[in-house]
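Have a look at the structure below, then the notes.
Only the coordinates and a few stated rules stand behind these numbers; no lab work does. If you're wondering where the values come from, they're calculated on a predicted model, not measured in any experiment. All Cβ positions, glycine included, derive from the backbone under ideal geometry; neighbour counts span all protein chains shown.
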Amino acid sequence: MNLTSIFSNNIAEVREPEEDSSSTTSSYYETNYITDQLSSFSLSSDTRPLDNYQTPWEQSHRGSHTELGEGSGSRRPNEEGQDQGQLLGAGGMPRSKRRAPSSTNHHHHHHSTSEMAPSAHEEGMARQPTKRLRHTANARRYTKSEDVSSASSFSQKRCVSWFREYTMPDDPDMLGPEGMEKFCEDIGVEPENVVMLVLAYKMNARQMGFFTLSEWMKGLSELQCDSIAKVQQKLEHLRNLLSEAQTFKGIYRYAYDFARDKDQRSMDMETAKVMLQLLLGKHWPLFAQFAQFLEQSKYKVINKDQWCNILEFSRTISHDLTNYDLDGAWPVMLDEFVEWLKIQRGEGVTSLESRGS
């Protein structure tokens, strides 16, 4: 048998498939498929869609062995409707299919990218949130932060309502001693604590033991406090103000007019000793000696000049008094304190006697 006869026999087998042989049937369908594909490149006016075209190999594996005649590129209406849901992804976008390999098409390399590449849904890839979902999540986070900001923002109405809890019905715009005691109890601070003096300084309160509504609103508006919890959160901040030299000086000067009896031009000695203890007791090394000096002195009141100079003395004069200048512009009260302290230390002849001789 020669090569010509072999080739003729193979061609005859392709053109005349036997119904009983599955292998020859597959070859027959593949041959028709190739013929149909080549005919699609003709320049005729035939514009049949090939999107839903299925190869005979696919139809044979789906159990549909329908004979395809010449130009049978379109599918039957019932088949098209049956597979339409499988071809459409979410949102109605066409979903590409992955073709299974065939033992008879390894010689043909004209497959499209959409046929070869698997879709993201088929491979189980994580889907990114849509733009609408991202927008909804952002809006939800914004609403939450907005609610927190609204809850923490200062409210004048809430602040006034809180003030009324400490006042009497017959005088709703004045917080008196009884209300002050309850207020201190609510915020967890003793009335004699120095932080209450700093708070009064922030309010620019005129009289010890009293807050007017306008004073209350001035101070708490600046501190942005309209509740017990918010004032408690500010207590450490108020204490830290005492560590700022310039602010402390303002608080010290304010304390004189705040604590003194408004009917008197000077502060009585008992009040002065309490206030000095409050402001200088923990910071001035000579405070204990100065308090003893005041106890045995002839002074019954302290004027504002003396009050202010006591602070300057505590800041500038050393513990051993070596830098104290008797010829300086210190009040007589402080000159007398220095002489008294030197006598207590047994340092011999007093400077006042030397200055008088």
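Listed values, structure above:
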quantity: Segment residue 309-residue 229, length gained on full extension (0.36 nm per residue, minus Cα span); calculated: 25.0 nm
quantity: Net charge contributed by nearby residues that have their C-beta within less than 12 Å of residue 341 (K/R +1, D/E -1); calculated: -3
quantity: Total charge dipole magnitude, region 218-347, about the Cα centre, Cβ charges on Lys, Arg, Asp, Glu only, Debye to nearest 20; calculated: 460 debye
quantity: Modelled FRET efficiency - R0 45 Å, residue 171 with residue 318, Cβ distances, 0.05 increments; calculated: 0.35
